[in-house]
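Everything on this sheet refers to the single structure shown next.
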Amino acid sequence: MAEIDPTEIGEKERGEKRKDMDEMEDKVNGIDVDDNGFRTLSSPIDYANKEILAPMVRGSNLSLRKLSLKYGADIVYSDEVIAMKIAKAVRRYNATLDTVDFIKDMGGGKTEMVFRTDREEYGRNVFQMGTPAAVPALNAANMVAGDVSGIDINMGCPKHFSVSGGMGAALLAKPEVAEDILKSLRRNLTIPVTCKVRLLQTDEDTVEMVRRMAAAGACAVTVHCRTKDMRPHHKAVWERLKHVTAAVHEVPIILNGDVYSREDICTVKELTGASSVMIARGALKNPSIFRREGMLEQEESIHDYVKYCVRHGENYQHMKYIMMQYMVETKKEPVRADAIVKSKSTRDVCAAIHEDLVQYHDAFARDTGYPTLKYEDEFPEKYRLV
């Protein structure tokens, strides 16, 4: 496809020119598209009536995603990855962990593991990215499209890094850019594309934003029931979502914000008419919130989480963060909390929780050679891309 010079035309004109070029290329290649130029989806995820793990930085790693699936989550989102970062990564097979790792060369012999997945979560895993424009979004999506079952665009993060870079909540003020991103992805991918937004200042503005994203090709829209100026300590305004669900019926509307129990899931769906519920901090505190038969005691879910972290080679510092922020009641358990804070390795974190986890860690290390990771150029059949 010919390159588009972004300096020659505006955002709207660039999007229309890209649409015409995409449609022409698809027709030449015999690819099925609809009247909007959107490609026919292959085995799309059904976002209706689902319980979903939210994208959370440092939280929604492979371990929490797979544990959430084990407990009953229907769909799991990755933590947000910046589009330009994943586009510069290299896809490698991790033979030690049996995973696909996207690794970025940081120079000086150092690397960064940008994204990790495996075939056990495939069919239910959604990759969330932060992007300021359509071209970097498509470059990033093309990198991971063979290993994930959906792409989500972050349009709600209010942090300075995201907003100053034209990403996250900055897109709420630039709906034409957000539309162009979604349309570009839908015209070039055969996996579903969704977006996650926040409440705008008025209900009318929120409805209009959601309508525009649905028309631009979003297969579902998640609404975080806080405005961009609200922070986690501000109570989510569930009732405002009623205006969206009453007005938008084209795609599933997913509620996000302050869901901490099985009772909350039922309450918010009845109150708002939301099709699905996305759970963030409630899942960090106790991932068994997804168990339809009832939540487990937190201690049991902590043990399960640590085992998954060992098996999937998670960063021990991220483990410490989750433990101290959500899972461990530090005031009631000062000795264990202090041991976690002082941990310098995954094994130390295991020791701080329970001796049985140390034995689990050591057995896994003996069997696999972990924490040394072995990468192979040849991918097993299940990971080979067509």
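We did not get these values from a lab; they are worked out from the coordinates using the rules stated. Owing to the predicted nature of the structure, the values given are computational and were not obtained by experimental measurement. With ideal geometry, Cβ positions are generated from the backbone for all residues, glycine too; neighbour counts draw on all protein chains shown.
For this structure, a couple of remarks:
- Given charges at beta-carbon only (K, R positive; D, E negative), |dipole| of the chain in Debye: 940 debye
- All lysines inside 20 Å of residue 70 as judged from Cα atoms, apart from same-chain residues fewer than 8 positions distant: 50, 285, 307
- Cα centroid of the range 311-342 to Cα centroid of the range 208-255, whole Å: 33 Å
- Cβ-Cβ FRET estimate between residue 329 and residue 159, R0 fixed at 30 Å, reported to 0.05: 0.65
- Taking a sphere under 13 Å around the Cβ of residue 326 and counting the other residues whose Cβ falls inside, with K and R at +1 and D and E at -1, yields a net charge of +3.
- Rule-of-thumb Rg ratio for the range 108-235 [Cα; 2.2 N^0.38 Å; N residues]: 1.08
- 0 to 90° range, to nearest 10: angle between helix 134-144 axis and the chain longest Cα axis: 40 degrees
- Taking the centroid of alpha carbons for each part, the range 58-83 and the range 104-137 are 13 Å apart.
- Förster-model FRET efficiency, 25 Å R0, residue 299 and residue 365, C-beta, rounded to 0.05: 0.55
- Principal axis dimensions, the chain - Cα atoms, whole angstrom, descending: 61, 51, 36
- Given +1 at the Cβ of Lys and Arg, -1 at the Cβ of Asp and Glu and no other charges, the dipole of the range 298-366 around its Cα centre is 260 debye to the nearest 20.
- Paramagnetic label zone (point 7 Å from Cα along Cα-to-C-beta, residue 88; backbone N under 20 Å) in the range 113-150: 113-116, 128-145
- Summarising the label geometry, the points placed 7 Å from Cα in the beta-carbon direction at residue 215 and residue 96 lie 5.2 nm from one another.
- Degrees between helix 355-368 axis and first principal axis of the chain (Cα, 0 to 90, nearest 10): 70 degrees
- Unit charges at the beta carbon, dipole of the chain: most positive-side option, 385, 345, 94: 345
- Extension gain from residue 345 to residue 246, taking 0.36 nm per residue of separation minus the Cα-Cα distance: 30.6 nm
- Kirkwood Rh in Å, taken over the range 189-290 so that all alpha-carbon pairs contribute: 13.8 Å
- Between helix 175-188 and the chain there is an angle of about 80 degrees, using the helix long axis and the longest principal axis of the Cα atoms.
- Residues of the range 124-144 with amide N under 19 Å of a point placed 7 Å along Cα→Cβ from residue 176: 132-136
- Cα lying deepest toward the dipole's positive end in the range 45-290, options 272, 154, 83, charges on Cβ: 83
- With each label modelled as a point 7 angstrom along the Cα→C-beta vector, the residue 315-residue 202 pair spans 4.2 nm.
- Gain in span if fully extended, residue 384 to residue 33, counting 0.36 nm per residue against the direct Cα distance: 123.8 nm
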